[in-house]
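Q: Here you go, one structure.
The values are calculated or read from the model by the stated rules, or taken from the named source; none is laboratory data. Just so we're clear, the structure is a prediction, and the values are computed from it rather than from any experiment. Glycine also receives a Cβ, built like all others from the backbone with ideal geometry; neighbour counts cover every protein chain displayed.
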Amino acid sequence: MKDLNIRRLATAGVLAAAVFLMTAFFRIPIGAGYLNFGDVGVFFAAMTLPWGYAALCAGIGSALADLYGYPAYTPVTLLVKAAAALTFALLWRRLPGRLRYLAFLSVLLIPAGYFVFERFAAGAFAWADLPWNLLQSVVGAALAFLIERLTEGRLTL
């Protein structure tokens with residue numbers, strides 16, 4: 001049991017670092033912000049780690065990337081990405097059969113969370129980011145699903 005917890009913690013740390021790297025350094029500039037591949041790691045963690053580890057991994061890795069480039073977004077990123085990973089992980093594991101694909105609805109938490117934050121912080125500007133945040137979240141979940149399927153679940157802890 002102790003070895004499994006150590007393995008989960010180590011995997012979560014590596015995935016948090018991967019989320020940071022994919023967010024901070026693999027980005028495509030758009031307008032005032034950028035698209036990134038960090039959500040691939042967020043949703044991959046949700047598919048392969050227990051819900052608590054997935055939430056911490058996604059929240060911390062993403063928040064560190066924002067601290068590196070967009071510090072004003074750090075607190076909201078921590079909460080939004082952790083909530084998305086937590087929700088996805090819980091639904092992914094607890095729903096039976098094909099119903100588990102409802103977990104993909106959690107991708108909507110990311111654009112919704114940023115929209116609420118930006119609506120209060122920047123007003124009408126929030127509408128401009130909404131489609132980009134939705135695109136990034138959906139593509140991230142789709143790529144994470146593809147990677148998880150390619151590994152045939154061998155990485156699930």
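Q: Against the conditions (1) buried (at least 21 other Cβ atoms within 10 Å of the Cβ); (2) over 16 Å from Glu148 (Cβ atoms); (3) touching a residue at least 24 places away in the same chain (Cβ under 8 Å); (4) of a type outside the set (S, T, N, Q), where does Leu79 fall short? Just the number, please.
A: Of everything listed in (1) buried (at least 21 other Cβ atoms within 10 Å of the Cβ); (2) over 16 Å from Glu148 (Cβ atoms); (3) touching a residue at least 24 places away in the same chain (Cβ under 8 Å); (4) of a type outside the set (S, T, N, Q), Leu79 misses just condition (1).
Q: Among the candidates Val138, Val107, which residue alone is in contact (Cβ under 8 Å) with a residue 40 or more places away in the chain and surrounded by 15 or more Cβ atoms within 10 Å (Cβ to Cβ)? Write out each step before concluding.
A: Details: Val138 fails: in contact (Cβ under 8 Å) with a residue 40 or more places away in the chain.
Matching residue, one of Val138, Val107: Val107.
Q: Tell me which of these Leu49 doesn't satisfy, since it passes every other one: (1) hydrophobic (A, V, I, L, M, F, W, C); (2) out of contact with any strand residue (DSSP E or B) (no Cβ under 6 Å at 6 or more places or on another chain); (3) surrounded by fewer than 23 Cβ atoms within 10 Å (Cβ to Cβ).
A: Tallying (1) hydrophobic (A, V, I, L, M, F, W, C); (2) out of contact with any strand residue (DSSP E or B) (no Cβ under 6 Å at 6 or more places or on another chain); (3) surrounded by fewer than 23 Cβ atoms within 10 Å (Cβ to Cβ), Leu49 fails exactly one: (3).
Q: Moving on to the next point. Between Ala24, Ala16, Ala82, which is touching a Gly at 6+ places or on another chain (Cβ under 7 Å), modelled with pLDDT of 95 or more and among the aliphatic types (A, V, I, L, M)? I'd like the intermediate steps shown before the answer.
A: Values: Ala24 fails: modelled with pLDDT of 95 or more; Ala16 fails: modelled with pLDDT of 95 or more.
So the residue among Ala24, Ala16, Ala82 that is touching a Gly at 6+ places or on another chain (Cβ under 7 Å), modelled with pLDDT of 95 or more and among the aliphatic types (A, V, I, L, M) is Ala82.
Q: When Glu118 is evaluated against the numbered criteria (1) within 30 Å of Asn5 (Cβ to Cβ); (2) more than 17 Å from the chain's Cα centre (by Cα); (3) not polar (S, T, N, Q), which criterion, by number, is the only one it fails?
A: (1)
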